[in-house]
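Worksheet: one structure, shown below.
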Amino acid sequence: MLIFDIVEDIINKLYQVILDRIKNPPPKSYVASLYAGGHAAIARKVLEEANEFCEAAAEDDADHFVHEAADLFFHMLVMLGAKGIHPDAIGEALARRFGIGGIEEKEARKTGGGYATGQR
């Protein structure tokens, strides 16, 4: 099994657990408590984790950086679950962008060219 298959597998399993906690909230579930606060509460947590990720990037501690990256990614998965968007949609968006320069893609959006495909 390739490392990317393992990553895809754990992301899918984790996402399914997140969806289950949203639909069937256990009394002591962190995900359920975040979801109960609404999108704004989840967004605040994503921003907090993004800040910690950026702070860790400035350090010389790879383990801490990876830990913060995982925290950020987890909270992004919670927001995706709250919005009903499967993580595969992120992979599809990245695949559409692959081979398109960032400047070119950004310019296309400015001129009404959509998000890498001409459509949004």
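Can you check what the net charge comes to around H75, using other residues whose Cβ is under 9 Å from the Cβ of H75 (Lys, Arg +1; Asp, Glu -1)?
-2
In sequence order, the range 72-78 has phi-based couplings of 4, 4, 4, 5, 5, 5, 4 Hz under the Karplus curve 6.51 cos²θ - 1.76 cosθ + 1.60, θ = phi - 60°, and Gly or Pro positions carry x.
Since every read-out is calculated from the coordinates, none of them should be taken as a lab result. Everything quoted here is computed from the prediction, not taken from an experiment. Backbone-built Cβ (ideal geometry, glycine too); neighbour counts: all protein chains shown.
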